[in-house]
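Undergrad: If you scroll down you'll find the structure; I have some questions about it.
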Amino acid sequence: MTPRAEAELSALNPLRALWLTLAAAFLLSLLLQLLPPGLLPGCAIFQDLIRYGKTKFGGPPRPAACRAFDVPKRYFSHFYIISVLWNGFLLWCLIQSLFLEAPFPSWLHGLLRILRAAQFQGGELALSTFLVLVFLWLHSVRRLFECLYVSVFSSVMIHIVQYCFGLVYYVLVGLTVLSQVPMDGRNGVVIHCNHRIPFGDWFEYVSSPNYLAELMIYISMAVTFGFHNLTWWLVVTYVFFSQALSAFLSHQFYKGKFVSYPKHRKAFLPFLF
């Protein structure tokens with residue numbers, strides 16, 4: 001690797017700093033939840049911000065001030081609407097640039113210059129960026145379809161801060177993917193909303209295989225980029241800790257709700273955690 005490539009790889013640009021900060025914040029939140037109950041911080045706002053949906057029932061009593069900022073969890077679909085539209089737009093811009101040699105819009109180009117460090121030049125990385133952005137857009141389409149036609153949402157809520165974060169998240173992920181490209185200078189009948197113990201397949205090993213699958217999706221994107229791409233591995237690090245926290249809280253909820261919950265089942269990583 002050339003000295004210039006090493007310098008580019010080690011540079012802590014704004015995107016890398018952002019993903020590193022988010023990963024550290026979710027790691028700290030996870031570590032705090034692993035403390036013995038007597039040592040766990042009882043701050044209602046902190047617990048309200050890290051819990052959503054069913055896991056809010058496992059936290060401390062929620063003051064009225066916290067409930068005032070609730071929005072329905074079914075608003076999850078908004079995240080994927082934004083992602084399909086925004087990342088579809090980014091994918092279109094990239095297709096135009098790669099195959100028609102059309103430049104990015106000036107505002108987008110300027111934004112990417114602010115967010116990223118100088119990237120390696122080469123067609124292989126451009127193709128990797130294209131493939132990852134396609135995967136991300138297809139993943140968003142699949143999740144939007146699930147929210148609209150598969151998922152059954154009860155009356156559980158999420159905090160407005162979590163809602164806003166979800167809206168911004170997929171915008172940032174799309175920009176992070178695009179920043180790697182080399183550039184010049186539910187319908188359906190609701191049967192019930194009760195929780196039951198699932199069995200079979202991955203559920204035999206972990207309580208929340210959906211969170212584990214999410215992590216594997218992002219790892220596969222990282223492999224597509226190449227093992228040297230520090231920026232996307234920081235995204236993977238954030239996804240790991242954020243999904244681990246959500247999986248751990250769900251695991252606690254299931255263990256508290258079901259006396260017969262399988263004791264061998266882990267929260268997030270089979271046989272480990």
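Just so you know, all these numbers are worked out from the coordinates, no wet-lab data involved. No experiment lies behind these values; they were computed from the predicted model shown. A quick note on method: Cβ atoms are made from the backbone with ideal geometry, for glycine too, and the neighbour counts reach across all protein chains shown.
Undergrad: Regarding region 60-186, what whole-number volume in Å³ per residue does the convex hull of its Cα atoms give?
TA: Per-residue hull volume (Cα only) is 134 Å³.
Undergrad: Further question: Roughly what would the spin-label model give for L127 and V141, points 7 Å off Cα along C-beta, in nm?
TA: It works out to 2.2 nm between the two label points.
Undergrad: Would you calculate the separation in nanometres between label points at A44 and A68, each defined as 7 Å from the Cα along the Cα-to-beta-carbon direction?
TA: 1.1 nm
Undergrad: Further question on the same structure: List the trypsin sites (Lys or Arg not before Pro) within region 212-264 that fall in a DSSP loop (any state other than H, G, I, E or B) and whose Cβ has at most 16 other Cβ atoms within 10 Å.
TA: K263
Undergrad: Which lysines have a Cα lying under 21 Å from the Cα of K255, excluding residues fewer than 8 positions away in the same chain?
TA: By straight Cα distance, K255 reaches K54, K56, K263, K266.
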